[in-house]
Amino acid sequence: MIMKDIFLVFLCVIIFILFVLVGVAFFTLLERKVLGYIQLRKGPNKVGYMGLVQPFSDAIKLFTKELVFPTMANLLVFYFCPILGLFISLGLWMCIPFNSLLMHFDYGVLFFFCCSSLGVYFIMLAGWSSNSNYSLLGSLRSVAQAISYEVSMALVILSFLLMIWGFNLIGFLDYQVYVWFLFLSFPLSMVMFVSLLAETNRSPFDFAEGESELVSGFNVEYSGGGFALIFMAEYSSIMFMSFIYVLIFMGGDLLSFFFFLKVLFLMFIFLWVRGTLPRFRYDKLMNLCWKSFLPASLNFFCLFFGMGLMNLVLFF
């Protein structure tokens, strides 16, 4: 019986990952369509009906291309970094609290923190292993950005953990039946959204891809399958961060269609921001994090901590 349960969990995880990967494929198509209409042009519309087969033709093209390895690269690390990045990005999805045979555990928030912080290592190693100055510079800037914004993101989530008194993500759904946390603390929700943009290296914080000075950042030496895996990891992370944001701030029920509409809307906002805002300056990005977001999130954390203590005193 135990072996049967383990097999069912394993099967569910495999099916779930396959659906995530298909979602990533169509998310890239949605991005190209949205950016196209923002720039008053058509997106991909030739391959299949309205371009629906375009992501799969892109995947076939990328994975059948020849892999080019730089002569001076550390080949083993260079080869495995994109695979590691995709595994970490897909591993994040295991903490989504579906009421099914999937993983549903009490320390989902801690698991999220552990996996999201591991993503930094793959960026750092990908930039270092190619033995290119441009890749190394791009990876250093991406790592500094990701680590900086992880601090404010963690403080925002900790503030709301004090409200639900637990590390289980399902608690966020239970406590938002009548009012969303978005309305209870709108400034924190905006801090969280900007932190997610910076965490996933998206516009206007995509300094890893500042073409004029960094030539595409840490992934400049990757081609074919390695390049595809890096971008699959990035888009999978964006989809997951949209899920987490909706879970924490916009409540709902994971079994309802409306919940997934909210996730889709947030994914659209990621694309909308990319199509409308110019790239930030790097020093301004760091100032925004350490001089604005960190003090604001710390102050809110102290406020929520005080409210939590008052709750405990009044309750007992």
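Annotation note: Cβ proximity below 6 Å between a residue of the range 50-74 that is touching a residue at least 12 places away in the same chain (Cβ under 8 Å) and a residue that is among the β-branched types (Val, Ile, Thr) (sequence gap 6+ or interchain) occurs for GLN54/VAL47; PRO55/THR28. For beta carbons closer than 9 Å, sequence separation of 6+ or different chains, a first residue in the range 256-279 that is more than 16 Å from ILE238 (Cβ to Cβ) and a second that is among the acidic types (Asp, Glu), the qualifying pairs are PHE259/ASP253; ARG279/ASP206; ARG279/GLU209. Of the residues making up the range 221-263, those that are outside any helix (DSSP H, G or I) and either surrounded by 18 or more Cβ atoms within 10 Å (Cβ to Cβ) or within 11 Å of the chain's Cα centre (by Cα) (or both) are GLU221, TYR222, GLY251, GLY252. Criterion first (of a type outside the set (S, T, N, Q) and at pLDDT 85 or above) does CYS12 satisfy it? Taking the combined requirement at face value, the residue does not satisfy it.
Might you check whether a residue that is in contact (Cβ under 8 Å) with a residue 12 or more places away in the chain and under 24 Å from PRO97 (Cα atoms) occurs anywhere in the range 211-233? Yes, some residue in the range 211-233 is in contact (Cβ under 8 Å) with a residue 12 or more places away in the chain and under 24 Å from PRO97 (Cα atoms). The residues on offer are ILE238, ILE269, ILE230, and the sole one that is among the aliphatic types (A, V, I, L, M) and under 18 Å from MET124 (Cβ atoms) is ILE230.
The combined condition, being more than 26 Å from ILE269 (Cα to Cα) and either in contact (Cβ under 8 Å) with a residue 40 or more places away in the chain or touching a helix residue (DSSP H, G or I) at 6+ places or on another chain (Cβ under 7 Å) (or both), is not fulfilled by VAL20. As a summary of the residue check, PRO295 satisfies the conditions (1) exposed (fewer than 14 other Cβ atoms within 10 Å of the Cβ); (2) within 22 Å of the chain's Cα centre (by Cα) except for the one numbered (2).
Touching a residue at least 40 places away in the same chain (Cβ under 8 Å) and outside any helix (DSSP H, G or I) - does that describe any residue in the range 292-311? The answer is no; no qualifying residue exists.
Just so you know, in the range 177-190 the residues that are under 21 Å from LEU255 (Cβ atoms) and over 23 Å from the mean Cα position of the chain (by Cα) include one that is surrounded by the fewest Cβ atoms within 10 Å (Cβ to Cβ), and it is TYR178. Restricting attention to the range 31-48, does a residue exist that is surrounded by 16 or more Cβ atoms within 10 Å (Cβ to Cβ) and out of contact with any Gly (no Cβ under 7 Å at 6 or more places or on another chain)? So far as the range 31-48 goes, yes, one or more of its residues are surrounded by 16 or more Cβ atoms within 10 Å (Cβ to Cβ) and out of contact with any Gly (no Cβ under 7 Å at 6 or more places or on another chain). For the range 1-40, what are the residues that are within 22 Å of ARG202 (Cα to Cα) and in a loop (DSSP other than H, G, I, E, B)? Within the range 1-40, GLN39, LEU40 qualify.
For the range 178-199, a tally of residues being outside any loop (DSSP other than H, G, I, E, B) and touching a helix residue (DSSP H, G or I) at 6+ places or on another chain (Cβ under 6 Å) returns 10.
The values are calculated or read from the model by the stated rules, or taken from the named source; none is laboratory data. It should be emphasised that the depicted structure is a prediction, and the values quoted were computed from it without experimental measurement. Note that we place each Cβ from the backbone using ideal geometry, even for glycine, and neighbour counts take in every protein chain shown.
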